[in-house]
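Since the structure comes first, as structure tokens, the remarks are kept for the end.
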Amino acid sequence: MGKYLVKRILNMIPLLFIISVLVFMFIHLIPGDPARMVAGPQARLGEVEQIREQLGLNKPLLTQYIDWVTGLFHGDFGISFSNKETVGSLLAPRLPITMYLTICSITWSALFGVIIGAVAAINRGRSLDIVGMVIAIAGISIPNFWLGLQLMEIFSVGFGLLPTGGVDTWQGYILPSLAMGAGIMSILARVTRSSMVENLGRDYIRTSRAKGLSESKVIWRHAFKNSSIDVVTVAALQIGALIAGSVVVETVFSIPGLGRLLVASIGYRDYQVIQTLILFFSLEYMVVNLIADVLYGIINPRVRYD
């Protein structure tokens, strides 16, 4: 396990390098001049050129890339073009908000997704199966921004139970996490159902029943345990979708997190912030997948790490 983890972590380094190059190239291909954005529409050409020199945008692209990457190794993420603050100081207060929102979303969506999927598999072809899959299809079909607006209309405007935006209190996380997690809950429900139906039809389940094991042990100790690897794999992949979903949901609910910062930064062509955020999201995605691989071995000790 130790060698496998070291190997996986070392493999992240060239992958992060490739991502950093691609992110840097694509960001600089976005139409628009950040120097002009900072100077304002009424600025003269000389003023724009002066700002471009101050921001280092007049340097060759290779030099700009090397400066950025060198800064990353020293913990210097650069200076935001739009508000002149360091990128680190912009990210620091927003990171816990987005992480907490993501954790809330994945927690409830995984819990309810697995329960709905398991109940549907156990009651295959019955009314509970149909109800569970209708919920799953509805959750996948509804866009999270539309669901967020409807939840806001019902629980905030209609009943006045929850705030319409912001996360000043813990209640502020409820509606955004529901909007973010609904799609993932539905996907996990479908995967859990499909995997459990497949496992419940296998020979080892019939053997377990023939040995006289109780139905609850057959379902949860054998069928569900063997289905868990598929569920963990999909859950890990969907965390990437959660991070992408935070961009929309944080904007809808006016949450000062990383997703909303990314949207604002794209509007200002704030290269330093955009580059750092996308690289951070990519690193987070890789770490989550590494954790999922470790969980495989915990769920099923027969999994080999070669």
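Side notes on the structure shown:
- Matching option when the condition is crowded, with 21+ Cβ neighbours inside 10 Å and either among the small types (Gly, Ala, Ser) or out of contact with any His (no Cβ under 8 Å at 6 or more places or on another chain) (or both), among LEU237, LEU261: LEU261
- Of all residues in region 253-275, those satisfying the criterion of being of a type in the set (Val, Ile, Thr) and in a helix (DSSP H, G or I) are VAL263, ILE266, VAL273, ILE274.
- Set SER127, SER156: member being at pLDDT 85 or above, farther than 30 Å from VAL197 by Cβ and among the hydroxyl-bearing types (Ser, Thr, Tyr): SER156
- Only listed residue being open to solvent by less than 20 Å² (accessible area, probe 1.4 Å), without any contact (Cβ under 8 Å) to a residue 24 or more places away in the chain and part of a helix (DSSP H, G or I), chosen from SER227, SER195, SER208: SER208
- Screening region 167-176 for residues that are outside any helix (DSSP H, G or I) and either free of Cβ contacts under 8 Å to residues at least 24 places away in the same chain or farther than 17 Å from SER105 by Cβ (or both) and picking the one that is most open to solvent (accessible area, probe 1.4 Å) gives ASP168.
- Candidate set from region 126-162 (those that are touching a residue at least 12 places away in the same chain (Cβ under 8 Å) and not in a helix (DSSP H, G or I)); member that is farthest from MET99 (Cα to Cα): ILE142
The values are calculated or read from the model by the stated rules, or taken from the named source; none is laboratory data. None of the values given here were measured: they were computed from a predicted structure. Every residue, glycine among them, receives a Cβ derived from its backbone with ideal geometry; neighbour counts consider all protein chains shown. Areas reflect the complete protein model, heavy atoms only, side chains present, ligands, DNA and RNA absent. Shrake-Rupley method; radii C 1.70, N 1.55, O 1.52, S 1.80 Å.
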